[in-house]
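Since every read-out is calculated from the coordinates, none of them should be taken as a lab result. Fair warning: this is a prediction, and the values are worked out from it, not measured in the lab. Quick reminder, even Gly has a Cβ in these numbers, built from the backbone with ideal geometry, and neighbours come from all protein chains shown.
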Amino acid sequence: MDEVTQSDLDFWFREFNSSYFDSSLSNWRVQHGYPPDIYNVGLPNGYCDRKEKTIYIGFCGEGKAKKILIHEMVHASGIDWHGKRFRNELNRVKSMGAPVRPSDLKPRPVPNGDQVREMIIECIRDGLNLKQAEEETAFIYKFRSRETLMKRFPKATQIEPDIIEMARWEEPTMEILSPEEIDRIDEEKP
Ligand SMILES: [Zn+2]
């Protein structure tokens with residue numbers, strides 16, 4: 001699958017805006033890539049910057065990019081949290097034909113301490129330092145900040161130095177997945 005381009009995203013944004021959002025997002029724009037203050041760990045991802053009225057779409061194939069774009073456009077329309085309102089809105093646009101990730105339609109599980117710890121270690125494995133890994137984990141699990149995450153999980157965020165050192169020497173696992181594989185894994189998620 002080909003990597004999407006900026007002009008693909010511009011085209012889909014205009015199409016989705018008029019087909020599913022009644023052209024209410026015309027003062028927004030979409031940007032291919034990651035915002036400067038977010039660490040790119042190789043995960044295809046999206047980000048909605050309300051202040052700049054900009055949606056960022058990470059590097060991935062078409063299928064994934066369209067679904068992430070719809071997800072971020074729902075945020076842009078004024079719904080911050082992945083709660084019931086968010087899922088209702090995704091169901092609405094899906095019924096009109098919009099591409100939606102099945103996992104986005106299910107309640108997002110709140111992570112437990114083990115998952116937080118695993119995610120931090122995984123991020124270190126991908127080349128981030130501890131602080132960046134904590135920031136990335138906070139971002140992935142939708143915490144307001146790294147500080148909020150650490151306050152909520154004081155024990156889980158204390159990773160022993162030898163575990164960190166070991167993770168640094170392990171091979172990152174995410175890079176070798178193709179966009180199709182990532183899409184497939186995403187579909188399979190419960
Ligand atoms: Zn979201």
Query - Cα→Cβ-extended label distance, 7 Å offset, between Gln115 and Arg50, nm - result: 2.4 nm
Report summary line: Amide H proximity to Phe143 below 5 Å, modelled H, separation 5+ or other chain, gives none
**Report entry** Descending semi-axes in whole angstrom, ellipsoid equivalent of the stretch 6-105, from the Cα gyration tensor
**Finding:** 19, 15, 14
Query raised in the report: By count of other Cβ within 10 Å, fewest leading, how are Trp81, Trp169, Trp12 ordered?
Result: Trp169, Trp81, Trp12
Report task. Counting other beta carbons within 10 Å of each Cβ, put Met166, Met96 in order, fewest first. Result -> Met96, Met166
Query - Spin-label pair Gln31/Ser18, simplified geometry with 7 Å Cα→Cβ offset, distance in nm - result: 2.6 nm
Requested in this report: Work out how much length Ile159 to Glu147 would gain on full extension: take 0.36 nm times their residue separation and subtract the Cα-Cα distance, in nm to one decimal.
Outcome: 2.8 nm
